[in-house]
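What follows draws every value from the coordinates through simple rules; no lab data is involved. Nothing here was measured: the structure is a model prediction, and the numbers come from that model. Cβ: placed from backbone, ideal geometry, glycine included. Neighbour counts: every protein chain shown.
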Amino acid sequence: MYEQIINYIMAIAPSLTAVIGAITMFVKTVGNTSTLTNRLKETVEDKMTEVMDNTDAQVTALKEAVKQVTESNEIAIMREQYKALQTELHEALKQNAELLAKLNMRGY
């Protein structure tokens with residue numbers, strides 16, 4: 001009877017070794033996958049932080065550029081308005097001079 005039990009154990013031992021080896025490999029694979037996943041997560045977080053910082057810097061630069069363009073457009077508009085006012089003032093002064101000359105000719 002003991003011989004028969006020993007024979008069964010000897011028959012099952014290679015299969016049991018293979019099963020234990022497979023379980024060990026599975027546990028190692030799960031552990032390695034977990035490690036790689038954590039590294040990938042850290043890498044992605046670092047890259048996302050870097051990308052967000054770059055994006056913030058680009059947005060800030062773009063806002064500044066838009067502000068400068070807007071200000072330069074406003075300055076150009078103000079210059080045009082100033083030129084128009086100078087022209088109108090020159091015309092008004094010219095008309096005043098003509099009217100004054102007419103009044104002086106009439107003796108007022």
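Table for the structure above
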read-out: Extension gain (nm, one decimal) between Gln58 and Asn7, 0.36 nm per residue minus Cα-Cα; value: 10.8 nm
read-out: Least to most buried among Glu3, Glu71 (fewest other Cβ within 10 Å first); value: Glu3, Glu71
read-out: Anchor Lys83: aspartates and glutamates whose Cα lies under 16 Å away (excluding residues fewer than 8 positions away in-chain); value: Glu74, Glu91
read-out: Ellipticity estimate at 222 nm from DSSP helix runs (n ≥ 4, -39,500 (n - 2.57)) divided over the chain, nearest 500; value: -37500 deg cm²/dmol
read-out: Among Gln58, Gln95, Gln68: highest mean-square fluctuation, GNM of the chain, C-alpha pairs under 10 Å; value: Gln95
read-out: Extension gain (nm, one decimal) between Lys67 and Thr49, 0.36 nm per residue minus Cα-Cα; value: 3.8 nm
read-out: Hz values of 3J(HN,Hα) by residue in region 74-80 - Karplus curve (6.51, -1.76, 1.60), Gly and Pro given as x; value: 5, 5, 4, 5, 5, 5, 4
read-out: For the chain, built as a Gaussian network whose Cα springs stay under 10 Å, the top-fluctuating residue of Glu64, Glu98, Glu74; value: Glu98
read-out: Estimated vicinal HN-Hα couplings, Hz - region 5-10 in sequence order (Karplus 6.51, -1.76, 1.60; Gly, Pro = x); value: 5, 5, 4, 4, 4, 5
read-out: Per-residue ³J(HN,Hα) for region 87-104, Karplus 6.51 cos²θ - 1.76 cosθ + 1.60, θ = phi - 60°, Hz, x for Gly and Pro; value: 5, 4, 5, 4, 5, 5, 5, 5, 5, 4, 5, 5, 5, 5, 5, 5, 5, 5
read-out: Charge dipole of region 3-94 about the Cα centre (unit charges at C-beta), most positive-ward option of Thr29, Tyr8, Thr70; value: Tyr8
read-out: The chain - charge dipole about Cα centre, Lys and Arg +1 at Cβ, Asp and Glu -1, debye rounded to 20; value: 400 debye
